[in-house]
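The values are calculated or read from the model by the stated rules, or taken from the named source; none is laboratory data. Small disclaimer: the values here were computed from a predicted structure and weren't measured. Note: ideal-geometry Cβ built from the backbone for every residue, glycine included; neighbour counts use all protein chains shown.
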Amino acid sequence: MNVLITGANRGIGLQLAKQYAESGAKVFATCRKPSAELERSKVEIISNIDVAAPDAPQQISQALGDEKIDLLINNAGILTRETLDDAPAEDIQQQFKVNALAPLMITLGLLPHLNKHAKVAMITSRMGSLTDNGSGGYYGYRMSKAALNAAGVSLARDLKDHGIAVALLHPGYVQTDMVNNTGDISAAESAQRLRQRIDELSMANSGTFWHSNGEVLPW
């Protein structure tokens with residue numbers, strides 16, 4: 001199985017890359033600059049990739065050459081913490097570019113590389129749920145992840161005839177740099193759970209918004 005993961009230099013992306021490689025998959029790991037741990041992993045690194053750059057899909061496609069992909073995991077993302085009193089428009093816009101627009105553009109750009117019956121996983125967040133928002137704030141992150149969810153559902157519908165299933169996956173509250181390592185599960189455990197959800201992904205449940213623990217989340 002060939003797997004491509006964006007944002008694979010650390011955190012959840014790194015653990016996904018390592019675990020899939022250890023299971024025997026051929027892993028293509030994209031990042032801006034590889035970490036030492038990623039370089040030690042048995043993966044093929046595609047570096048100097050800024051997913052928000054307009055030419056990122058083309059760069060990845062060129063790096064893949066004739067390789068086909070069975071699983072595309074759009075993992076790269078950023079988080080800033082806007083409040084009612086401090087919500088810089090440029091921070092919100094950048095989160096839209098990285099968290100919502102980039103996964104869509106990369107998926108569309110790599111469609112020629114996706115095998116029939118391939119799978120696409122969007123690493124989103126329950127913070128993109130309107131129903132689940134009980135605390136407010138985080139304007140850019142919440143809005144961008146809600147937009148990503150909308151794109152994922154449309155992709156699930158549009159790729160149905162191609163036999164390609166799409167999952168929207170909340171990784172859990174994970175101990176990563178994004179949250180100053182204050183999460184309640186490790187990146188390794190989150191990656192293991194996400195792999196289980198991806199294994200369960202089929203055309204019958206394509207477009208579902210899941211927590212990594214298996215719970216279906218509200219929109």
- prompt: Does any residue of the range 181-200 turn out to be more than 27 Å from Asp55 (Cβ to Cβ), touching a Gly at 6+ places or on another chain (Cβ under 9 Å) and of a type in the set (Ser, Thr, Tyr)?
  reply: yes
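Residue-wise test of (1) modelled with pLDDT of 95 or more; (2) outside any helix (DSSP H, G or I).
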| site | (1), (2) |
| --- | --- |
| Thr131 | yes, yes |
| Ala147 | yes, no |
| Val153 | yes, no |
| Leu169 | yes, yes |
| Met178 | no, no |
| Ala191 | yes, no |
| Arg195 | yes, no |
| Ala204 | yes, yes |
query: So how many residues does the range 118-129 have that are buried (at least 21 other Cβ atoms within 10 Å of the Cβ) and assigned to a loop (DSSP other than H, G, I, E, B)?
result: 2
task: Using the structure shown, decide if Ala29 is part of a strand (DSSP E or B) and closer than 21 Å to Thr124 by Cα.
output: yes
- request: Test Ile60 against the stated conditions and say whether it is under 17 Å from Leu148 (Cα atoms), modelled with pLDDT of 95 or more and not in a strand (DSSP E or B).
  value: no
- line: For the range 198-219 the number of residues that are in contact (Cβ under 8 Å) with a residue 40 or more places away in the chain and of a type outside the set (S, T, N, Q) is 10
- request: Please specify each residue of the range 63-99 satisfying the condition of being under 21 Å from Ser135 (Cβ atoms), aliphatic (A, V, I, L, M) and assigned to a helix (DSSP H, G or I).
  value: Ile92
- prompt: Can you tell me which residue in the range 19-37 is farthest from Leu64 (Cα to Cα), limited to those that are surrounded by 23 or more Cβ atoms within 10 Å (Cβ to Cβ) and either small (Gly, Ala, Ser) or in contact (Cβ under 8 Å) with a residue 60 or more places away in the chain (or both)?
  reply: Tyr20
Residues that are touching a residue at least 24 places away in the same chain (Cβ under 8 Å), in a helix (DSSP H, G or I) and not aromatic (Phe, Trp, Tyr), drawn from the range 133-145: Gly140, Met143, Ser144, Lys145
Residue among Asn99, Asn133, Asn149, Asn115 that is closer than 24 Å to Val216 by Cβ and either out of contact with any helix residue (DSSP H, G or I) (no Cβ under 7 Å at 6 or more places or on another chain) or surrounded by fewer than 16 Cβ atoms within 10 Å (Cβ to Cβ) (or both): Asn133
